[in-house]
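Q: The structure is given below, and queries will be raised subsequently.
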Amino acid sequence: MKFKSGLACMALVLVSACSTFHPKSNEEAVMARAEQRQEALKKAEYEKAYSFMSPTYKASHTLDRFKATVGRGAAMMVDSKVTSAQCDEDACTVLVDANYKFLDKGSMIPMKPLLVPRTNNERWIKVDGEWWFIKLD
């Protein structure tokens, strides 16, 4: 009898736990991935940042080519924050507020680094149940 009541209690706990679990909305899921991508870019973890690129992008762009387009140049992102996402069923537009430091490279007159704020519109698509960043430019 104790065994059956123990099983009944365990089943009740599992059922109640399942009822409180709710899957993330598209907006929550894509914002989490966008934030992870931003963190990888800020830390210059290019392989990790590349892992968020769409399968189509990765099929036509190597990791080395990706690094060349996002590597540290005259402008360097110093911080960013994913602020919102608006989604259809399989596509989202994500807004990212970022600050970039522009460095003086090769000027005759040395200048202080310039901090420039910018809001980036990112496009994300869902392929096979996962959200992927697509490069628009």
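Q: Pairs, please: C-beta under 7 Å, at least 6 apart or cross-chain, first residue without any contact (Cβ under 8 Å) to a residue 24 or more places away in the chain and in segment 35-61, second part of a helix (DSSP H, G or I) and open to solvent by 40 Å² or more (accessible area, probe 1.4 Å)?
A: Hits for this filter: Ala40/Lys48; Glu47/Leu63; Ala49/Val70; Tyr50/Leu63.
Q: Just need a number here: residues in segment 59-101 that are of a type in the set (Asp, Glu) and in a strand (DSSP E or B).
A: Going through segment 59-101 one residue at a time, the tally reaches 2.
Q: Can you pull out the residues in segment 85-100 that are of a type outside the set (Val, Ile, Thr), surrounded by fewer than 16 Cβ atoms within 10 Å (Cβ to Cβ), touching a residue at least 12 places away in the same chain (Cβ under 8 Å) and out of contact with any Pro (no Cβ under 6 Å at 6 or more places or on another chain)?
A: Passing the criteria: Gln86, Glu89, Asp90, Ala91, Asp97.
Q: Moving on. Just give me the residues in segment 4-58 being aromatic (Phe, Trp, Tyr), modelled with pLDDT of 95 or more and not in a helix (DSSP H, G or I), in sequence order.
A: Selection gives Phe52 alone.
Q: Is there a residue in segment 54-68 that is surrounded by fewer than 16 Cβ atoms within 10 Å (Cβ to Cβ) and farther than 16 Å from Lys135 by Cβ?
A: no
Q: Of the conditions (1) modelled with pLDDT under 85; (2) under 15 Å from Gln38 (Cβ atoms), Pro110 satisfies every one except a single condition; which number is it?
A: (2)
The values are calculated or read from the model by the stated rules, or taken from the named source; none is laboratory data. All figures in this text were calculated on a predicted structure; none of them were measured in a lab. Don't worry about glycine lacking a Cβ; one is built from the backbone with ideal geometry, like all the others, and counts go over all protein chains shown. These area figures cover heavy atoms from the full protein model, side chains too; ligands, DNA and RNA do not enter into them. Shrake-Rupley method; radii C 1.70, N 1.55, O 1.52, S 1.80 Å.
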